[in-house]
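Heads up: the structure comes next, in C-alpha cells.
The values are calculated or read from the model by the stated rules, or taken from the named source; none is laboratory data. Computed from a prediction, not measured in an experiment: that's the story for all the values here. Cβ sites come from the backbone with ideal geometry, for glycine too, and all protein chains shown count toward neighbours.
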Amino acid sequence: MGEPNRIDQVIPSIVQYDAVSNHTFAIQKLLQEMGFLSDIYVDIIGPGCEDKVYELSELEKYNSDDRFLIYQYSIGSRAANYFMAAKGIKLVDYHNIAPAHFFARWLPPLAAEAILGRSQMSPLAKISKAAFADSFYNAQELTEAGFRNVSVLPVLIDVDNLTKEPDRALLSKLQSSSNKGAKWLFVGQIAPHKAQHNLIKSFYCYLKAYDADAHLYIVGKEMGNLYREALLSFVKEIGISDSVTFTGSVTSSELTAYYRGCDIFVSLSEHEGFCVPIIEAMNQEIPIVAYGQAAVPETVADGGIVLDNNDPYEVAAAVNILLGDQDLRDDLVSVGKKNAALYTLTQTEEKFKKLIKEIIAQD
C-alpha cells in the first residue's frame, strides 16, 4: 500500500494540563506537520478541549482499511472497543495503568477502570501492528502481553514551557529571607499511587530531626476528593499544617517558580510509567530524591538519589545528606541536566517521525 493520508488518534479522555492529553495533542501537531490529516476521537472531553477533538461516536466518519489509528492507552475504557472495531491499521501508545489496588479504597470507579484496562491489553495486542511505550518498563509489559514490534517513545515534553518568565511574586515569596528552611517540592496529581501520604511522613521526620523551618509544597490537582481530604486531615492531626502547602493546579509560570524557588524534588510515588515532573525537575536543576519503583529508576537514571525503600527516616536522612553536601548536589544536578536533555521535544519528535516512517514502510 502507499503512504496513508490519515493517521488519527483515539483516547479515553482528554483534559487540559494532563501529560497524556498534552502528548496526544503534540502527536497530532507533529503528524499534521508531516503532511497527514489527523483528528482525535475522545470518549470523555474535558472543559476547554471541546473544539479541539471529536466525539468517539464520529470515529467511523473516515472508516478505511488504509487509515492508521493510534490508541493512547492509559486506562480501561470503551474507547478501546471503538478502536478495535474500527477499520484501519492499529498502533498503540502505552502510558501504563496503575494497579487497581491503589484505588480500591479511595476511588472504586477508577479501580474498576484499571481492571478493565488490564483486561483489554491482550485483545489490543492481537490487533495492533506496532506499539510505543513511554519507557523500557512499559515496553516490557507490552512485550509480555504479546505485542509485536514494540518501541520506546518517551512522552513528548515541551520543557521550553519552563523557560518562560516565572511568576515573579511567587518566586520572590519562595526566596524570601523569612522563608529560611529547606523547601521540598513534589509535582503530580494528588492520587493514592503517587503516595503523598508517605511524602508527608518523610517530611515530618525531616522537620523533627533536621530543619524545623522546612516547608513542603505539593503541586497538582486532586484525582478525587477522598484521598486529598485524608491527606489534609493527616497533616492537621500531626500538627504540621503551617509547614505543608497544597497548591492545586498551577499555571506554567507558577510551576516554573516552584521549580526555581524550591531546594529539592522528592518523589515517593509507588507507580510511574515514566514521570514527566522528574524530567522537568532535572531540566530546572533541582536535585532529586526518589523512591525507586516502576519506571522511576529508569527516568532518574544517575541524575538523583534513588532509594530502594520508602522508610520515612531514610528518606529524611537522604534529603539532609543531599542538601548538606554542595559537591554531591552539584554533581547530581549536572548529570540530571544532561539526562533531561535526552528527552527534549525535538529529539522525541524526531524519534516519533522515524518510527512512523518505518511502520508505514513495512506495508
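Could you check region 6-61 and list, in sequence order, the residues that are free of Cβ contacts under 8 Å to residues at least 60 places away in the same chain and of a type in the set (Phe, Trp, Tyr)?
PHE25, PHE36, TYR41, TYR54
When region 324-346 is examined, which residues are found to be in a helix (DSSP H, G or I), in contact (Cβ under 8 Å) with a residue 24 or more places away in the chain and β-branched (Val, Ile, Thr)?
Within region 324-346, VAL333, VAL335 meet the criteria.
Is it the case that some residue within region 220-239 is in contact (Cβ under 8 Å) with a residue 12 or more places away in the chain, under 26 Å from ASP325 (Cβ atoms) and within 23 Å of the chain's Cα centre (by Cα)?
No, region 220-239 contains no residue that is in contact (Cβ under 8 Å) with a residue 12 or more places away in the chain, under 26 Å from ASP325 (Cβ atoms) and within 23 Å of the chain's Cα centre (by Cα).
Looking only at region 283-291, decide whether some residue is in the same structural domain as SER253 (by TED's automatic domain parsing), of a type in the set (Gly, Ala, Ser), touching a Cys at 6+ places or on another chain (Cβ under 9 Å) and touching a residue at least 40 places away in the same chain (Cβ under 8 Å).
So far as region 283-291 goes, no, none of its residues is in the same structural domain as SER253 (by TED's automatic domain parsing), of a type in the set (Gly, Ala, Ser), touching a Cys at 6+ places or on another chain (Cβ under 9 Å) and touching a residue at least 40 places away in the same chain (Cβ under 8 Å).
Being within 14 Å of the chain's Cα centre (by Cα) and surrounded by fewer than 22 Cβ atoms within 10 Å (Cβ to Cβ): is that true of GLU298 here?
Yes, satisfied.
Quick one: which strands (runs of 3 or more DSSP E) lie wholly within region 113-222 and hold at least 2 residues that are more than 21 Å from MET282 (Cα to Cα)?
128-133, 150-152
Among the candidates TYR54, TYR94, which residue alone is outside the structural domain of GLU222 (by TED's automatic domain parsing), buried (at least 20 other Cβ atoms within 10 Å of the Cβ) and among the aromatic types (Phe, Trp, Tyr)?
TYR94
Any idea how many residues of region 1-25 are surrounded by 15 or more Cβ atoms within 10 Å (Cβ to Cβ) and more than 23 Å from ALA86 (Cα to Cα)?
Of the residues in that region, 5 qualify.
Could you say whether any residue in region 108-119 is free of Cβ contacts under 8 Å to residues at least 24 places away in the same chain, aliphatic (A, V, I, L, M) and outside the structural domain of GLY224 (by TED's automatic domain parsing)?
Yes.
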